[in-house]
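Take a look at the structure set out below.
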Amino acid sequence: FDYGYKELENIAQFPDYNISTVHDGGEWLQTMAIGYDWLYHGMTQEQRDYIAERLLNHCLKPFSEAVYGRLKGREDSSDWGNLKWFTNMNTISAAGIVVGAAAVADLDPEYCFDVISKALYAIEYPLSQCAPGGGWIEGPNYWHYHNESASYVMMTLREMFGSFYGLDKMKGYAQ
């Protein structure tokens, strides 16, 4: 526990999470949310409050601007601030938002459930690319990367809401 908490605390102390690079933002959200969940019962209330505040206000809220089309990022892409890609970038980004918002939903439920609902729409873009037979447009390595993040979303949805909200039945993905 001590080593895990120290690592989580180190991550929480980052001045920013490089959210302009969507892979980084999505990965940091997933990392912090999973670490927070795994270590939750071993942390003191003070430790929980610190990690949750950093996760919500310094990672989730800035990065989830992407679900509203307002993420500031790369200068070479007018579309960078929107979660409307058909690639693994969208899956990883949306998964970070879903998992991160679920982890701290008790702190700001209205906000967290709003960004979860919007991120679910965003993840439909890349999931649709699994049709017709479950393959992946970016090849097997990115297929794994995409599916790992998609599985985090689905398990989070099942644990929080008791449903996959139909994502598991999308054409191509159900295969």
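Six or more apart or on different chains, Cβ atoms under 7 Å: show the pairs whose first residue is in segment 149-173 and at positive phi and whose second is assigned to a helix (DSSP H, G or I).
Tyr165/Leu120; Tyr165/Leu157; Gly172/Cys130
So which residues in segment 101-128 are buried (at least 22 other Cβ atoms within 10 Å of the Cβ) and over 18 Å from Tyr165 (Cα atoms), if there are any at all?
Passing the criteria: Ala103, Val104.
Sort out which residues of segment 1-31 are open to solvent by less than 60 Å² (accessible area, probe 1.4 Å) and modelled with pLDDT under 85, and write them in order of number.
Within segment 1-31, Tyr17, Ile19, Ser20, Thr21, Val22, His23, Asp24, Gly25, Gly26 meet the criteria.
Just checking, does segment 147-166 include any residue being more than 23 Å from Tyr36 (Cα to Cα) and part of a helix (DSSP H, G or I)?
No - not one qualifying residue is present in segment 147-166.
Restricting attention to segment 146-175, which residues are of a type outside the set (D, E, K, R), open to solvent by 60 Å² or more (accessible area, probe 1.4 Å) and under 13 Å from the mean Cα position of the chain (by Cα)?
Tyr152, Met155
In this structure, does Gly133 turn out to be assigned to a loop (DSSP other than H, G, I, E, B), within 21 Å of Met154 (Cα to Cα), modelled with pLDDT under 90 and not hydrophobic (A, V, I, L, M, F, W, C)?
Criteria met by Gly133.
The values are calculated or read from the model by the stated rules, or taken from the named source; none is laboratory data. Owing to the predicted nature of the structure, the values given are computational and were not obtained by experimental measurement. Here Cβ is always computed from backbone atoms with ideal geometry, including for glycine, and neighbour counts include all displayed protein chains. Keep in mind that these areas ignore ligands, DNA and RNA; they rest on the heavy atoms of the full protein, side chains included. Shrake-Rupley method; radii C 1.70, N 1.55, O 1.52, S 1.80 Å.
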